[in-house]
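Asks: Sharing a structure, written as structure tokens. Questions coming.
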Amino acid sequence: MHIPDGFLDAKVIVATAALATIGVGAAWQQTKKHLPQQQIPLLGLAAAFVFAAQMLNFPVAGGTSGHLLGAVLASVLLGPSSAIIIMTAVLVVQCFLFADGGVLALGANVFNMAVMGVIVGNTIYRIFLRILDGERGRIAAVAMASWFSVMAAALCCAGELAWSGTVPWQSAFPAMAGIHALIGVGEAVIACLVIAAIRKIRPELLAANSNLLPGRKVAGIVVYGVIITLGLVLFVSPFASTWPDGLETVAAKIGFDRRALAQPLVPGLIADYRFPGLGSTAWAAIAAGIAGVAVVLLLVIFISRRLKGNS
């Protein structure tokens, strides 16, 4: 769902950049006030995991693939404000390092996936969590929230395309809603599996007082999480679907794919998630994934330390 440059006009680029700045700025202030010191490594871990999981495109239908958005997953584990910071950092790295999403469209991508994906997903999660009891209720809440987070991001994207004059709303809405309704199901399944696994292995991360975890326990969780994240990159990413994602499919079907710039404004050092200079496609994907995980992990930890005023 990463919008490339060329799909949006100037007014939409400016408006979405402003909205994204407001949303991320508000999240920054909230995180700055409420982020516990010992939770800083967990933000980096969550960002690295979301990045790795987003590399794992899964087939949906009709030659289209989808991937985890991760907004609800991050929000459930660390709260909505931290989730917005995490998602924004992932999108920035994807844009500038991997040429995934346009530089001019970065504000729109952040607004759609980081801001609206988190806000809508977290709101739905909280509503269903009040209605449904127990662990099954939590899983159901995660499922519903995950689906709605994908739909919110997709419909925001459709609205931006229509406002830009790229494609009429009556064409953009059903096309984006239809394919992303299916992708949202995949999002819900993956998010529920991850939350269920965490519940079995590290239930303290889902506890109401998880921000009080001692530093030694957090360090153990981070090491364990990094191993799992690298495992995804090493053993799963080479088998990710190469089919186009939902937005790419819609663009090709309706015929506005030609509006994308032939060359990105800022060529990524690791374009298309393939590390240059490696002959093997599988090893190129693995190396790109490892590099991305490292960059996202370090970037979010650095940002978190800046938030807390540490060197």
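The values are calculated or read from the model by the stated rules, or taken from the named source; none is laboratory data. Just so we're clear, the structure is a prediction, and the values are computed from it rather than from any experiment. Neighbour counts run over all protein chains shown; Cβ positions are idealised from the backbone, glycine included.
Asks: Give me a count of the residues in the stretch 17-67 that are surrounded by 18 or more Cβ atoms within 10 Å (Cβ to Cβ) and either in a loop (DSSP other than H, G, I, E, B) or not hydrophobic (A, V, I, L, M, F, W, C) (or both).
Replies: Final tally of qualifying residues: 14.
Asks: So, one more: Just the residues that are touching a Pro at 6+ places or on another chain (Cβ under 8 Å) and of a type in the set (Gly, Ala, Ser), please, taken from the stretch 6-62.
Replies: Matches in the stretch 6-62: Ala27 only.
Asks: If I go through the stretch 25-55 residue by residue, how many of them are among the hydrophobic types (A, V, I, L, M, F, W, C) and within 19 Å of Ala143 (Cα to Cα)?
Replies: Count: 4.
Asks: OK, next. For the condition modelled with pLDDT of 90 or more and either in contact with a Pro (Cβ under 8 Å, 6 or more places away or on another chain) or within 18 Å of Met1 (Cα to Cα) (or both), what is the one hit in Val185, Val233?
Replies: Criteria check complete, one pass: Val185.
Every residue, every condition in (1) on the phi > 0 side of the Ramachandran plot; (2) touching a residue at least 12 places away in the same chain (Cβ under 8 Å), yes or no:
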| residue | (1), (2) |
| --- | --- |
| Ile254 | no, yes |
| Leu265 | no, yes |
| Pro276 | no, no |
| Ala288 | no, yes |
| Gly292 | no, yes |
| Val300 | no, yes |
| Arg306 | no, no |
| Gly309 | yes, no |
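Asks: Next question. Of the residues Val218, Val223, which is in a helix (DSSP H, G or I) and surrounded by 16 or more Cβ atoms within 10 Å (Cβ to Cβ)?
Replies: Answer to the check: Val218.
Asks: Need pairs with beta-carbon distance below 9 Å; first residue of a type in the set (Lys, Arg) and within the stretch 128-155, second not in a helix (DSSP H, G or I); sequence gap 6+ or separate chains.
Replies: Listed by first residue and then by second, the contacts come to Arg138/Leu132.
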